[in-house]
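Quick notes on the structure that follows.
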């Protein structure tokens, strides 16, 4: 489907993209719109940021700088152009197979996931830090201040979140450059290895958050989380499995508020509330589950 005139004119501000071209919209962006632009010079992705993304703790300059850093490591797409006043970034189009949650749940690419994460985590330091406890607090204050919707029982779990935060601090091992939003569609299989895209939420973070977020976003099994942790660290580690699982829980709990904010402000035709409730329902099962207290013990124990 052809893009509208305003988008075509916006793309025209990028010198590399002028002239004969084919522009098609890419599906899937929830805080931006993405376009594939095919020219005689190559194929590119144009990302145009949505309004109000700052409410979601997205800093576009941080995204740009971190994308450049990930590209230097060879794991992220190259940045071709960046025009912040137009909320526009032009990226290398990575040829390959975009993954789905079903693809990752098959379980045959766990080693590839771990390898891609290790490559990214070995890159140069990112500009900013990312901490889901801090972001969840910021989101919650915004949701309450603006009167956005909260799921039933949401505040009931705040004391448990503080328990997780205290337990995590006991064996804090520092941070590495993380994508922090590795849903399956941000993995591109280029033929035996993954490239990682979309650095909106990137920042220096606990490596186990990345692993736990992958587990949460694709709804992998607990056995697959064990395999992912073992593939990443070289052996199964009880402390790291517990850490990744608790971060996965915090991911679901925190991104629930992301969905509430988007439900309140976004013009995108997408049911953010139902998207968030699906995550929240899975978080509730873990808060209420028999494993919760054991995970708090395991995360403070020696590996």
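The rows are residues; the columns are (1) at pLDDT 95 or above; (2) surrounded by 19 or more Cβ atoms within 10 Å (Cβ to Cβ); (3) outside the structural domain of residue 115 (by TED's automatic domain parsing); (4) under 26 Å from residue 284 (Cβ atoms).
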position: 155; (1), (2), (3), (4): yes, no, no, yes
position: 169; (1), (2), (3), (4): yes, no, no, yes
position: 180; (1), (2), (3), (4): yes, yes, no, yes
position: 193; (1), (2), (3), (4): yes, no, no, no
position: 203; (1), (2), (3), (4): yes, yes, no, no
position: 219; (1), (2), (3), (4): yes, no, no, yes
position: 223; (1), (2), (3), (4): yes, no, no, yes
position: 236; (1), (2), (3), (4): no, no, no, no
position: 240; (1), (2), (3), (4): yes, yes, no, yes
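For region 80-92, the condition holds for no residue, the condition being that it is modelled with pLDDT of 85 or more, over 16 Å from the mean Cα position of the chain (by Cα) and within 18 Å of residue 180 (Cα to Cα). Among the residues of region 115-137, is there at least one that is part of a loop (DSSP other than H, G, I, E, B), touching a helix residue (DSSP H, G or I) at 6+ places or on another chain (Cβ under 8 Å), without any contact (Cβ under 8 Å) to a residue 60 or more places away in the chain and farther than 30 Å from residue 288 by Cα? The answer is yes; a qualifying residue exists.
Condition check ((1) in the same structural domain as residue 200 (by TED's automatic domain parsing); (2) modelled with pLDDT of 75 or more; (3) within 17 Å of residue 82 (Cα to Cα)) across all residues:
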residue: 13; (1), (2), (3): no, yes, yes
residue: 17; (1), (2), (3): no, yes, yes
residue: 20; (1), (2), (3): no, yes, no
residue: 23; (1), (2), (3): no, yes, no
residue: 28; (1), (2), (3): no, no, no
residue: 36; (1), (2), (3): no, yes, yes
residue: 39; (1), (2), (3): no, yes, no
residue: 50; (1), (2), (3): no, no, yes
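Looking only at region 205-217, which residues are touching a residue at least 60 places away in the same chain (Cβ under 8 Å) and either surrounded by fewer than 20 Cβ atoms within 10 Å (Cβ to Cβ) or assigned to a helix (DSSP H, G or I) (or both)? Outline the logic, then answer.
Start the filter on region 205-217 by keeping residues that are touching a residue at least 60 places away in the same chain (Cβ under 8 Å), which leaves 205, 207, 209-211, 214, 216-217.
Selection gives 207, 209, 210, 211, 214, 216, 217.
Residue pairs, Cβ under 6 Å, 6 or more apart or interchain, first in region 277-288 and under 19 Å from residue 261 (Cβ atoms), second modelled with pLDDT of 95 or more. List them. Qualifying pairs under 6 Å: 279/252; 279/255; 279/256; 280/151; 280/256; 283/249; 283/252; 283/253. Which ones in region 78-98 are assigned to a loop (DSSP other than H, G, I, E, B) and in contact with a helix residue (DSSP H, G or I) (Cβ under 6 Å, 6 or more places away or on another chain)? Answer for region 78-98, where residues must be assigned to a loop (DSSP other than H, G, I, E, B) and in contact with a helix residue (DSSP H, G or I) (Cβ under 6 Å, 6 or more places away or on another chain): just 78. Restricting to region 138-150, give me the number of residues that are in a helix (DSSP H, G or I) and surrounded by fewer than 17 Cβ atoms within 10 Å (Cβ to Cβ). The qualifying residues number 5.
Among 188, 164, which is assigned to a strand (DSSP E or B) and either over 29 Å from residue 124 (Cα atoms) or in contact (Cβ under 8 Å) with a residue 12 or more places away in the chain (or both)? Quick ask: steps written out before the conclusion?
On the way: 164 fails: assigned to a strand (DSSP E or B).
Step by step, each of 188, 164 is checked, and only 188 is assigned to a strand (DSSP E or B) and either over 29 Å from residue 124 (Cα atoms) or in contact (Cβ under 8 Å) with a residue 12 or more places away in the chain (or both).
Condition test on residue 296, is it touching a helix residue (DSSP H, G or I) at 6+ places or on another chain (Cβ under 7 Å) and in a helix (DSSP H, G or I)? Spelling it out, residue 296 is indeed touching a helix residue (DSSP H, G or I) at 6+ places or on another chain (Cβ under 7 Å) and in a helix (DSSP H, G or I).
How about region 95-119: which of its residues are farther than 17 Å from residue 213 by Cα, surrounded by 13 or more Cβ atoms within 10 Å (Cβ to Cβ) and over 18 Å from the mean Cα position of the chain (by Cα)? Of everything in region 95-119, just one residue is farther than 17 Å from residue 213 by Cα, surrounded by 13 or more Cβ atoms within 10 Å (Cβ to Cβ) and over 18 Å from the mean Cα position of the chain (by Cα), namely 96.
The values are calculated or read from the model by the stated rules, or taken from the named source; none is laboratory data. This is a predicted model, so every value here is computed, not measured. Quick reminder, even Gly has a Cβ in these numbers, built from the backbone with ideal geometry, and neighbours come from all protein chains shown.
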